[in-house]
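Engineer: I'd like to ask some things about the structure below.
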Amino acid sequence: MSSLTEKDRPIVQLLLNTGTCPRCILRFCRVGSQTLYRRAYKNLMKDLEEFLRNNQEKEDRVCSDVADPPCKRIRLEHMEGPDDPNHNGAFQQIPLVDDENTAVENSAMKVCNVCLGILQEFCEADFVKKVCQKVNSANYQFTGFVFSVSLPPQLSVREHAAWLLVKQEMGNLGLSLSKDDIVQLKEAYKWIIHPQLSEELGVPADGKSLFEVSVVFAHPETDEECHFLATACRDCFKPAKNKQSVFTRMAVLKALEKIKEEDFLKHFPCPPSSPRNFCDVLEIQCSNGAVFVAGRYNKYSRNLPQTPWIIDGERKLDSSVEELISEHLMAEFKADSFNFSSSGREDVDVRTLGNGRPFAIELVNPRRIHFTAEEMKGLQQTINNSSDKIQVRDLQLVTRSAIGRMKEGEEEKTKTYSALIWIDKAIQKEDIAFLDDIKELKLDQKTPLRVLHRRPLAVRCRIIHTMKSEYIDEHHFRLQLKTQAGTYIKEFVHGDFGRTKPNIGSLLSRTADILELDVESVDVDWPPTLDN
């Protein structure tokens, strides 16, 4: 085993005697060769046996060349400490094993006292096939994968104990070992697992992939091993939302950084004891990163909310714009859920005409992610054929970052409206002609009474850029308005009991009300126009 040197021999022998698996031994010997970790477990055991034997033979030859020399055979010395192996505050006495073959055989029969079997049973082909069967049965589309693993927090405690043991042995040899020098368990595990998963799934491991395969391990037999840290480092373990236990991996690592060595050794055996059982696999999960679909929608109904209309837990109308669009996307992308957003919103009784309102839908954990332009066009047609209340256009796949351009338009861009207005006193065409000459009219709009239950009370300054009137009869006229985004048009017409100043009623010295309102255009240049 070329990566190991003579100075590693005492560490290899020490860890084998205490029940550590060969891959964890490589980690503590700072071996960074991924190829070595991927060797079959039995071959690694043989490699360690040969390494110990070869180095022993060299020393035996040295001993035979000297008359009556003191034996230089390297054996594990008795650690200083009381005879009671359970005595607090000391390293436990480690039984000597003169025969390296016996050490190897003993280690081969035991669950590793450091990794609890993660680098043993769960690196084998049978487990890899089990993971891949789970992935294939989930029917995801993917061209690469990210593999993540969740380990029991007590593994960190066991690794800390093993590090203290090795650090002391190396100190006896005049050497040092920083905790950062040890190859991380997760890193070694991924070195072994990635090539096997790639071969079985037929796609590469890719850190940028949106498709994630995750495995969660637990070890009930040793669950309580990290509990002593909560007494020694109380401030590291605080209840958190969505956490079933305070003993998270990060909390345990933080406590291990703070606790003094002598305090740690009072509560935890060093070396760590050998467990009876391997880890349990709690779950194998697959998930795809969200996919984003954008477009523009027209709403032709005056009885359709943008999102589900629910008041006091009771649904008021059967459908909504977001549901009419998303139900088809959910079905085609085979997603778990969705999140709808748009550049502003219209009231339930307001139509959206012209080139429509930009919208985006986040599809969470989709099974299908690849769609051609023709397939997206077909999906758009399916949505449009399903209802006469809405139509969509420019339906396309976009990135998460691109959605930011849509949200900019909510406050920064302009919008054009058409309002049908009623006046209480009779008017003539010349009575409203002056409205056409008003430019950049500044409004002070106090939060409307109708939305005060969901928006904070504030006075917002808004601008009416232009107006164009169209006389209909003595009590009705239509008004085209180009306004700053975020302007409350209904309140600009009727005044909202004086909460919007000025307003159409005050400008005409009459009582005004709005009968119909249409959004004619939302001037946001997104998403890109397609050939529809």
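The values are calculated or read from the model by the stated rules, or taken from the named source; none is laboratory data. None of the values given here were measured: they were computed from a predicted structure. Heads up, the Cβs are rebuilt from the backbone with ideal geometry, glycines too, and the neighbour counts pull from every protein chain shown. Accessible surface is based on the protein model in full, side chains and every heavy atom, while ligands, DNA and RNA are left aside. Shrake-Rupley method; radii C 1.70, N 1.55, O 1.52, S 1.80 Å.
Engineer: Got a number for residues in the stretch 348-368 being at positive phi and open to solvent by 40 Å² or more (accessible area, probe 1.4 Å)?
Structural biologist: 1
Engineer: Consider the stretch 186-226. How many of its residues are closer than 30 Å to Phe292 by Cβ and touching a residue at least 60 places away in the same chain (Cβ under 8 Å)?
Structural biologist: 16
Engineer: Just for the stretch 429-443: of the residues that are in a helix (DSSP H, G or I), of a type in the set (Asp, Glu) and open to solvent by 50 Å² or more (accessible area, probe 1.4 Å), which one is nearest to Asp496 (Cα to Cα)?
Structural biologist: Asp431
Engineer: Could you list all residues from the stretch 335-347 that are among the hydrophobic types (A, V, I, L, M, F, W, C) and either free of Cβ contacts under 8 Å to residues at least 40 places away in the same chain or surrounded by fewer than 16 Cβ atoms within 10 Å (Cβ to Cβ) (or both)?
Structural biologist: Phe338, Phe340
Engineer: While we're looking at this one, here's another question. Filtering the stretch 476-495 down to residues that are farther than 15 Å from Ile438 by Cα and of a type in the set (Lys, Arg), which residue is farthest from the chain's Cα centre (by Cα)?
Structural biologist: Ranking the qualifying residues of the stretch 476-495, first place goes to Arg478.
Engineer: Would you mind stating whether Ala419 is within 27 Å of the chain's Cα centre (by Cα), hydrophobic (A, V, I, L, M, F, W, C), at pLDDT 95 or above and in a strand (DSSP E or B)?
Structural biologist: Criteria not met by Ala419.
Engineer: Which of the following residues is at pLDDT 95 or above and touching a Leu at 6+ places or on another chain (Cβ under 7 Å): Ala335, Ala331?
Structural biologist: Matching residue, one of Ala335, Ala331: Ala335.
Engineer: Here's something else I'd like to know. Mind counting the residues in the stretch 272-299 that are part of a strand (DSSP E or B) and closer than 26 Å to Lys129 by Cα?
Structural biologist: The qualifying residues number 9.
Engineer: OK, next. Mind counting the residues in the stretch 245-271 that are among the β-branched types (Val, Ile, Thr) and in a helix (DSSP H, G or I)?
Structural biologist: Number of matching residues: 1.
Engineer: Does the stretch 3-20 hold any residues that are more than 13 Å from Cys112 (Cβ to Cβ), outside any helix (DSSP H, G or I) and of a type outside the set (A, V, I, L, M, F, W, C), and which are they?
Structural biologist: Ser3, Thr5
Engineer: Could you pull out the residue among Ile514, Ile504, Ile463 that is closer than 18 Å to Ile438 by Cα, hydrophobic (A, V, I, L, M, F, W, C), at pLDDT 95 or above and open to solvent by 10 Å² or more (accessible area, probe 1.4 Å)?
Structural biologist: Ile463
Conditions tested, residue by residue: (1) at pLDDT 95 or above; (2) open to solvent by less than 30 Å² (accessible area, probe 1.4 Å).
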| position | (1), (2) |
| --- | --- |
| Ile427 | yes, yes |
| Gln445 | yes, yes |
| Val451 | no, yes |
| Arg478 | yes, no |
| Glu491 | yes, yes |
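Engineer: Kindly evaluate Lys468 against the criterion of being open to solvent by 70 Å² or more (accessible area, probe 1.4 Å) and closer than 25 Å to Gly354 by Cα.
Structural biologist: yes
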